[in-house]
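Read the structure below first, then the notes.
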Amino acid sequence: MSGEGKYSKVNSIKMKIGSLVFWGIIWTIICSLWTMIPLMKKCMSNTIQYYMKDVTAIAGNNLENEISALGAETVLTAEELEKAVGDIVIRNMESSYAYVVSADGTRLYHPTAEKIGQPVENAAVKMLVGEIAKGNRPETDVITYDYKGENKYASYYVGKDCSYILVVTADEKEIFSDVNAIAKTCITNVLICGALCMIIALACAFMIVKPIRKSIELIEKISTLDFREDANQNKLSKRKDETGMIGRSIDGLRKELISA
């Protein structure tokens, strides 16, 4: 009968419990990240946009004050604009910088000297130039655009007389770098916790399976007409769970067979 009692380890209770815990952890990670990361990115995006908008508005007002004091001809030159906006960046973002475009789309100032005097390339600023050409003055805001395959954020300020556009830009991937770092940390922590849970689950599964195996051994022993008392039988019968009920039933069967 012992041959009939063999089982597949793949289909064992211990393996099923371990698999259940494993896939439970995997789906928990997937569902958590599926909902958490977009919310974190949205929150980060809103925070950065408000910050960029404030930085650009303050810098634009400072330019307006200088223009009022010194005149546009003096202030809207590459040398003066470098002094006024050359140091404007988004804190902790190396990709951020400021530049100034004229109403016709020509760069009046750019950190890359070769680009000064050249027409602006990105479609977002060209759209602003188009609005100015129609006689409109767009309100200070933040826009996103693609530049050579890179997604960028750009906040802008249009001068009161619409003679210039101040733009502060930064790479989207750098904006979300903290979110990606947090996501990686979360995944690492969850995997560590998952591994610990797997160990605990397998330990619990072993505790569940061990008395069941003892019960099987006792049944096989009785099937060979060996009715001697067994220390394992006594331990099993004293358990307060379902396996204890099985053990007491086996002991009762053994006693019935002895008295028969």
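The values are calculated or read from the model by the stated rules, or taken from the named source; none is laboratory data. Quick caveat, the model's predicted, so the values are computed rather than measured. Every residue, glycine as well, gets a Cβ built from its backbone with ideal geometry; the counts of neighbours run over all protein chains shown. Quick note on the areas: whole protein, heavy atoms, side chains included, nothing else; ligands and nucleic acids left out. Shrake-Rupley method; radii C 1.70, N 1.55, O 1.52, S 1.80 Å.
Things worth noting here:
- Failed item, numbered, when Val142 is tested on (1) open to solvent by less than 60 Å² (accessible area, probe 1.4 Å); (2) in contact with a Ser or Thr (Cβ under 8 Å, 6 or more places away or on another chain); (3) part of a loop (DSSP other than H, G, I, E, B): (3)
- Inspection of region 171-180 identifies at least one residue that is touching a strand residue (DSSP E or B) at 6+ places or on another chain (Cβ under 9 Å), assigned to a strand (DSSP E or B), crowded, with 17+ Cβ neighbours inside 10 Å and among the acidic types (Asp, Glu).
- Condition met for Ile182 (β-branched (Val, Ile, Thr), out of contact with any Pro (no Cβ under 7 Å at 6 or more places or on another chain), at pLDDT 80 or above and on the phi < 0 side of the Ramachandran plot): no
- Qualifying positions in region 98-133 - open to solvent by 20 Å² or more (accessible area, probe 1.4 Å) and either in a loop (DSSP other than H, G, I, E, B) or at positive phi (or both): Ala103, Asp104, Pro111, Thr112, Ile116, Gly117, Gln118, Glu121
- Of the residues making up region 63-87, just one is in contact with a helix residue (DSSP H, G or I) (Cβ under 7 Å, 6 or more places away or on another chain), within 13 Å of Val168 (Cβ to Cβ) and open to solvent by 30 Å² or more (accessible area, probe 1.4 Å), namely Ala84.
- Only listed residue being within 30 Å of Ser177 (Cα to Cα) and among the aliphatic types (A, V, I, L, M), chosen from Ala113, Ala78, Ala133, Ala69: Ala113
- Pair list, Cβ under 7 Å, 6 or more apart: region 218-243 residue touching a residue at least 12 places away in the same chain (Cβ under 8 Å) and at positive phi, other residue of a type in the set (Asp, Glu) and assigned to a helix (DSSP H, G or I): none
- Scanning region 150-162 for residues that are at negative phi, surrounded by 15 or more Cβ atoms within 10 Å (Cβ to Cβ) and over 21 Å from the mean Cα position of the chain (by Cα) yields Ala154, Ser155, Tyr156, Tyr157, Val158, Gly159.
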